[in-house]
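*Asks:* Okay, here's the structure, questions in a sec.
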Amino acid sequence: MINLAELGRVFIVCGKTDMRRGIDSLAYIVKKSFNLDPFSGCIFLFCGSRRDRFKALYWDGQGFWLLYKRFENGKLAWPNNEDEVRELSDEQVMRLMQGFTIDPKI
């Protein structure tokens with residue numbers, strides 16, 4: 001499994017995103033909707049309504065990477081608030097990739 005946290009800071013774009021979107025339109029969402037810099041070297045995660053797949057947008061200094069992951073079994077525990085972007089800790093990234101919620105209840 002790719003450890004996204006090793007690449008840089010990881011942000012999750014909460015709510016659902018149209019998964020037909022490509023690099024340019026996802027970068028536009030990052031900039032215009034959340035006032036963040038898509039060229040910052042951070043990773044931005046997007047999820048569709050089916051919650052069994054996500055896209056990761058990453059600028060490596062020379063160009064954009066668009067990573068796509070589809071889970072064969074299970075769904076992602078993705079936050080619902082459509083107007084929010086959250087920075088994830090390394091632990092939260094690992095929990096999300098394993099299909100667990102990023103905000104566990106104690």
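Rule-based calculations on the coordinates, nothing more; no lab input. Only a predicted model underlies this, so the values are computations on that prediction, with no experimental measurement involved. No Cβ is skipped: glycine too gets one built from the backbone with ideal geometry, and neighbour counts run over all protein chains shown.
*Asks:* Answer yes or no: is there a residue in the stretch 25-40 that is free of Cβ contacts under 8 Å to residues at least 12 places away in the same chain, over 18 Å from Val10 (Cβ atoms) and surrounded by 11 or more Cβ atoms within 10 Å (Cβ to Cβ).
*Replies:* Yes, there is a match, as at least one residue in the stretch 25-40 is free of Cβ contacts under 8 Å to residues at least 12 places away in the same chain, over 18 Å from Val10 (Cβ atoms) and surrounded by 11 or more Cβ atoms within 10 Å (Cβ to Cβ).
*Asks:* Another question, if that's okay. Among the candidates Phe46, Phe71, single out the residue that is within 12 Å of Phe11 (Cβ to Cβ) and touching a strand residue (DSSP E or B) at 6+ places or on another chain (Cβ under 9 Å).
*Replies:* Numbers: Phe71 fails: within 12 Å of Phe11 (Cβ to Cβ).
Exactly one residue qualifies, and that residue is Phe46.
*Asks:* Take Phe71 and decide whether it is of a type in the set (Phe, Trp, Tyr), in contact with a helix residue (DSSP H, G or I) (Cβ under 7 Å, 6 or more places away or on another chain) and within 23 Å of Glu6 (Cα to Cα).
*Replies:* Working: of a type in the set (Phe, Trp, Tyr): yes; in contact with a helix residue (DSSP H, G or I) (Cβ under 7 Å, 6 or more places away or on another chain): no; within 23 Å of Glu6 (Cα to Cα): yes.
It is false that Phe71 is of a type in the set (Phe, Trp, Tyr), in contact with a helix residue (DSSP H, G or I) (Cβ under 7 Å, 6 or more places away or on another chain) and within 23 Å of Glu6 (Cα to Cα).
*Asks:* Please give the number of the condition Arg20 fails out of (1) without any contact (Cβ under 8 Å) to a residue 24 or more places away in the chain; (2) surrounded by 14 or more Cβ atoms within 10 Å (Cβ to Cβ); (3) not β-branched (Val, Ile, Thr).
*Replies:* Arg20 satisfies all of (1) without any contact (Cβ under 8 Å) to a residue 24 or more places away in the chain; (2) surrounded by 14 or more Cβ atoms within 10 Å (Cβ to Cβ); (3) not β-branched (Val, Ile, Thr) except (2).
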